[in-house]
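Notes follow the structure.
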Amino acid sequence: MLTREFVLSFREAAPYINAFRGKTFVMAINGETVRDGRFPSLAKDIHLLVSLGVRIVLVHGARWQIDVLAQRAGHAQVFRGDKRSTDSQTLELVKQAVGYTRHEIEAALSSSMRHVPVQGSQLRVASGNFLTAQPMGVIEGMDMQYTGSVRRVDSEAMQARLDAGDLVLVSCIGYSPTGEAFNLTMEEVATHIAIALKAEKLLFMVDSQGVTNSQGEFASTLTAHEAEALIASGNLQGDVAAYMPYAVKAVRQGVARAHMIGRFDDGAILEELFTDGGNGTMLARDPLVKVRNASIDDIGDIIDLIRPLEEQGILVKRSRELLEMEIKSYSVLEHDGKIFGCVAMHPFPDAGMAELACLAVSQQKRDAGFGEELLKHVEYLARAQGLASLFVLTTQTAHWFVERGFAAADISQLPLGKQRLYNYQRRSKVFIKPLR
Ligand code: ARG
């Protein structure tokens, strides 16, 4: 049955499907995620992404598997903070655990093929010696032995695999130029690769749904700056605390977005990637909301925004021709590249005033504070032109403006040019806000 929700979701998803084709996503999963019974469904979603033309590098850890083998062998483990000091016996266990985990992943990816009915969609998994590692050395008096850090990523070799349409699977082991193996953390590996490949996204699958901020509220989006403040607060817990510094590093060094996505919810990754709001936490390099000057290409979007308000009599009717003529007076608000609001400013320099007009925000985003953003923008523009006050004519939305510093005024306080055009039938009320 074709439901309304399906149609709306599909329309919401389509722009992302198009935007992600040919883009590189680095996805980091820990050892627990692989052993979890839900892994086959995640593998299916990964395969689906590959079938849509997303270039995927899958990085896996194996900490849980290493711990199990060490316990079985009765070999005690030493940690410095959250990093294991890897002695030579442990390194053998690391190799076993990593090899085992890798095969589990390949098996799940291979069986995922039955579920993605794309013509000729054979998912090929590529591996290789993509990572050069170096020993971590002695940290605060502890010799980390075979625990290493990433020295170099062979991005050319990886790109060649991705160009061929393969999924690149990378384990948390790297080799030194002398052939020694080093135990690495998957978060460090994934971050290095994302930066080296200039990936569009770095995705961490996490135990929670995402990040909770200091007020205990779920944070759907964070700027790198806000994320750093959260790290400094010491309030982050568990895997999110471990990954966050890497997510920040990635977006600071050119990765457009880093996401933390709940690994327990079936399909969470699809919801995060193919809806506007997502369901996890997203760190973005660029601010998501941006107000800019409108151009002639925005007229269709502006009309879509204002028509419903014109029909309700909240805004006066404006023809397409009028909008085209006055487009230089308009600004639009974009969220993640889509237009959700508009406003116009008409200056009356002789009177030291400007009119704020045609303020509209999409019904979908009523409570996102976009109206305020647009008002702030107009105030900024008016101040920059040396104007002393803003006025607005409104019939139905007076309270909104009054709550934001406007006061009722008389028609006689309007610039003369505006008084002459005043529409006595519409009987709009006049509100003025001083800018200083
Ligand atoms: N689907 C979009 C993307 O992948 C937006 C996701 C927004 N996510 C969020 N947690 N706010 O870029």
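Just a few scattered comments:
- Any hit, the stretch 276-289, residues being away from the ligand (no atom under 16 Å from the Cβ) and not hydroxyl-bearing (Ser, Thr, Tyr): no
- Counting only helices (runs of 4 or more DSSP H) that sit completely within the stretch 1-72, those holding 1 or more residues that are among the hydroxyl-bearing types (Ser, Thr, Tyr) and more than 21 Å from Ile173 (Cβ to Cβ) correspond to 4-20, 39-51.
- Phe204 passes every criterion in (1) surrounded by 18 or more Cβ atoms within 10 Å (Cβ to Cβ); (2) in contact with a Leu (Cβ under 7 Å, 6 or more places away or on another chain) apart from (2).
- Within the stretch 1-29, residues that are free of Cβ contacts under 8 Å to residues at least 12 places away in the same chain have Cβ atoms under 9 Å from residues that are in a helix (DSSP H, G or I) in these pairs: Ala14/Phe274, counting only partners at least 6 apart in sequence or on another chain.
- Which numbered condition Tyr380 fails, given (1) touching a residue at least 24 places away in the same chain (Cβ under 8 Å); (2) in a helix (DSSP H, G or I): (1)
- Residue in the stretch 162-175 that is away from the ligand (no atom under 16 Å from the Cβ), more than 21 Å from Asp67 (Cβ to Cβ), in contact with a Phe, Trp or Tyr (Cβ under 9 Å, 6 or more places away or on another chain) and open to solvent by 60 Å² or more (accessible area, probe 1.4 Å) present: yes
- Residue within the stretch 266-273 that is at pLDDT below 95, in contact with a strand residue (DSSP E or B) (Cβ under 9 Å, 6 or more places away or on another chain) and of a type outside the set (Phe, Trp, Tyr) present: no
- Selection from the stretch 383-436 of residues that are of a type in the set (Phe, Trp, Tyr) and surrounded by 19 or more Cβ atoms within 10 Å (Cβ to Cβ): Phe391, Phe401, Phe406, Phe431
- Each residue in the stretch 207-224 was checked for being over 14 Å from the mean Cα position of the chain (by Cα) and open to solvent by 40 Å² or more (accessible area, probe 1.4 Å), and 9 pass.
- Tally of residues being within 19 Å of Arg285 (Cα to Cα) and either in contact with a Lys or Arg (Cβ under 9 Å, 6 or more places away or on another chain) or without any contact (Cβ under 8 Å) to a residue 24 or more places away in the chain (or both) across the stretch 163-202: 10
- Test: Leu288 is more than 26 Å from Ile411 (Cα to Cα), surrounded by fewer than 16 Cβ atoms within 10 Å (Cβ to Cβ) and of a type outside the set (Phe, Trp, Tyr): yes
- All conditions in (1) in contact (Cβ under 8 Å) with a residue 12 or more places away in the chain; (2) exposed (fewer than 14 other Cβ atoms within 10 Å of the Cβ); (3) under 30 Å from Phe20 (Cα atoms) hold for Glu372, with the sole exception of (3).
- The set of residues in the stretch 308-348 that are open to solvent by 40 Å² or more (accessible area, probe 1.4 Å) and hydroxyl-bearing (Ser, Thr, Tyr) contains only Ser319.
- Taken over the stretch 124-142, the residue count meeting the criterion of being open to solvent by 60 Å² or more (accessible area, probe 1.4 Å), assigned to a strand (DSSP E or B) and modelled with pLDDT under 90 is 0.
- Residues of the stretch 31-55 satisfying the condition of being of a type in the set (Asp, Glu) and surrounded by 24 or more Cβ atoms within 10 Å (Cβ to Cβ): none
- Number of residues in the stretch 198-231 that are touching a helix residue (DSSP H, G or I) at 6+ places or on another chain (Cβ under 9 Å), assigned to a loop (DSSP other than H, G, I, E, B) and among the hydroxyl-bearing types (Ser, Thr, Tyr) equals 2.
- Residue in the stretch 7-30 that is nearest to the ligand (Cβ to nearest atom), counting only those that are open to solvent by less than 10 Å² (accessible area, probe 1.4 Å) and within 15 Å of the chain's Cα centre (by Cα): Phe25
- Enumeration of residues in the stretch 148-184 that are β-branched (Val, Ile, Thr) and at pLDDT 95 or above: Val150, Val153, Val168, Val170, Ile173
- In the condition set (1) surrounded by 16 or more Cβ atoms within 10 Å (Cβ to Cβ); (2) in contact with a strand residue (DSSP E or B) (Cβ under 8 Å, 6 or more places away or on another chain), Ala351 is compliant with all but (2).
- Among residues of the stretch 75-88 that are open to solvent by less than 70 Å² (accessible area, probe 1.4 Å) and part of a loop (DSSP other than H, G, I, E, B), those with a beta-carbon under 7 Å from a residue that is modelled with pLDDT of 90 or more and among the polar types (S, T, N, Q) at least six positions away or on a different chain give the pairs His75/Gln89; His75/Thr90; Gln77/Thr90; Asp87/Gln145.
- Scanning the stretch 56-64 for residues that are more than 22 Å from Leu123 (Cβ to Cβ), touching a Gly at 6+ places or on another chain (Cβ under 6 Å) and surrounded by fewer than 18 Cβ atoms within 10 Å (Cβ to Cβ) turns up at least one hit.
The values are calculated or read from the model by the stated rules, or taken from the named source; none is laboratory data. Just so it is clear, the model here is predicted, and its values are computed rather than measured. Note that we place each Cβ from the backbone using ideal geometry, even for glycine, and neighbour counts take in every protein chain shown. What goes into the accessible areas is simple: the full protein's heavy atoms, side chains included, and nothing from ligands, DNA or RNA. Shrake-Rupley method; radii C 1.70, N 1.55, O 1.52, S 1.80 Å.
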